[in-house]
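Below is one structure, written out as structure tokens; the observations come after it.
The values are calculated or read from the model by the stated rules, or taken from the named source; none is laboratory data. In this text, all values refer to a predicted model and were calculated from it rather than measured experimentally. Counting neighbours? That spans all protein chains shown, and the Cβs are built from the backbone with ideal geometry, glycine included.
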Amino acid sequence: MAKGLNGFLPQTLGMMAGALTIYVVGRKRIPGQDPWGLRNITSGFIFAVAAGTYLMSLSLNGLVNGFVLTQLNVVVATLLGVIVLKEANLKQLVPKAIGLAILIGGAVMMVHI
């Protein structure tokens, strides 16, 4: 298993305990009773999976290739935001498309150089 994953579980448990304490003390509710709390918990779990995948990718692909693959996640997130959530109108779509093209071009250059 990757060296970075050895410290991942204790760090994750500490962050979860701290966030849960702050949430319960600040809101005076149990997270299951608050729909926004459940949404934030879900996004936290998704981020945890992404961070664990990044650490595994580092050991399998090396630093440069692993970093490039994780940065290409921005492309997927942006496209999902535009298509699924309909976050952009035509005026915003052109700069986003240019930015994504630059990002993909930079990723290709980093891998092949």
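If only residues of segment 48-69 that are polar (S, T, N, Q) and surrounded by fewer than 16 Cβ atoms within 10 Å (Cβ to Cβ) are counted, the one that is nearest to M16 (Cα to Cα) is T53.
A single entry from G105, G81, G44 fulfils the requirement of being surrounded by fewer than 11 Cβ atoms within 10 Å (Cβ to Cβ) and among the small types (G, A, S): G105. Looking across segment 48-88, just one residue is at pLDDT 80 or above, part of a loop (DSSP other than H, G, I, E, B) and more than 18 Å from the chain's Cα centre (by Cα), and that is G62.
Among the residues of segment 79-113, just one is within 28 Å of V64 (Cα to Cα) and of a type in the set (K, R), namely K96. Just a yes or no: is a residue in segment 18-28 among the β-branched types (V, I, T), at pLDDT below 80 and outside any helix (DSSP H, G or I)? No, that holds for no residue.
Whenever a residue of segment 3-27 is assigned by TED's automatic domain parsing to the domain that holds G44 and over 30 Å from G62 (Cβ atoms), it has no partner that is at pLDDT 80 or above and of a type in the set (G, A, S) lying with C-beta atoms less than 8 angstrom away and at least six residues away or across chains.
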